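The values are calculated or read from the model by the stated rules, or taken from the named source; none is laboratory data. What you see is a predicted model; the values in this text were computed from it and never measured. FYI the Cβ positions are ideal-geometry reconstructions off the backbone, even for glycines, and counts take in every protein chain you see.
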Amino acid sequence: MKQWHLLFKTREYTEASIIQGMLEENEIPVQVLNKLDSSYLNFGDIEIYVPAHFKELANDLLQKALLN
């Protein structure tokens with residue numbers, strides 16, 4: 001089984017979706033784990049995971065995207 005690396009946490013669906021799309025565009029596998037409480041959206045996070053061997057590339061892409 002692959003080792004997964006936690007790349008990013010957010011509470012915003014749109015932000016998670018944009019990051020997921022950017023990573024998939026660059027052919028990086030992505031797993032999104034939604035831990036937001038369905039009743040109280042201020043509890044929990046949406047977590048984005050990538051395979052450990054894509055960690056550096058995914059971090060670089062994420063930093064470039066966040067700077068723009």
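Annotation: of all residues in segment 35-52 being surrounded by 12 or more Cβ atoms within 10 Å (Cβ to Cβ) and not small (Gly, Ala, Ser), the one that is nearest to Ile19 (Cα to Cα) is Ile48. Of all residues in segment 1-40, those satisfying the criterion of being among the charged types (D, E, K, R), within 22 Å of Leu67 (Cβ to Cβ) and assigned to a loop (DSSP other than H, G, I, E, B) are Arg11, Glu12, Glu27. Counting the residues of segment 43-58 that are over 22 Å from Tyr13 (Cβ atoms) and not aliphatic (A, V, I, L, M) gives 5. Within segment 1-11, being surrounded by 13 or more Cβ atoms within 10 Å (Cβ to Cβ), free of Cβ contacts under 8 Å to residues at least 40 places away in the same chain and not β-branched (Val, Ile, Thr) holds for Lys9, Arg11. Every listed requirement among (1) exposed (fewer than 13 other Cβ atoms within 10 Å of the Cβ); (2) without any contact (Cβ under 8 Å) to a residue 40 or more places away in the chain is met by Ala65 save one, (2). Residues that are of a type in the set (Asp, Glu) and either at pLDDT 95 or above or part of a strand (DSSP E or B) (or both) were ranked within segment 41-59; the one that is farthest from the chain's Cα centre (by Cα) is Glu56.
Could you please find all residues in segment 25-56 being closer than 20 Å to Gln3 by Cβ and of a type in the set (Asp, Glu)? Those that are closer than 20 Å to Gln3 by Cβ and of a type in the set (Asp, Glu): Glu27, Glu47, Glu56. Filtering segment 1-53 to residues that are in contact with an Asp or Glu (Cβ under 8 Å, 6 or more places away or on another chain) and among the aliphatic types (A, V, I, L, M) leaves Leu6, Val30, Val32, Leu33, Leu36, Ile46. Residue pairs whose Cβ atoms lie under 9 Å apart, separated by 6 or more positions or on different chains, with the first residue in segment 24-45 and at positive phi and without any contact (Cβ under 8 Å) to a residue 40 or more places away in the chain and the second of a type in the set (Lys, Arg) and surrounded by 13 or more Cβ atoms within 10 Å (Cβ to Cβ), are Gly44/Arg11.
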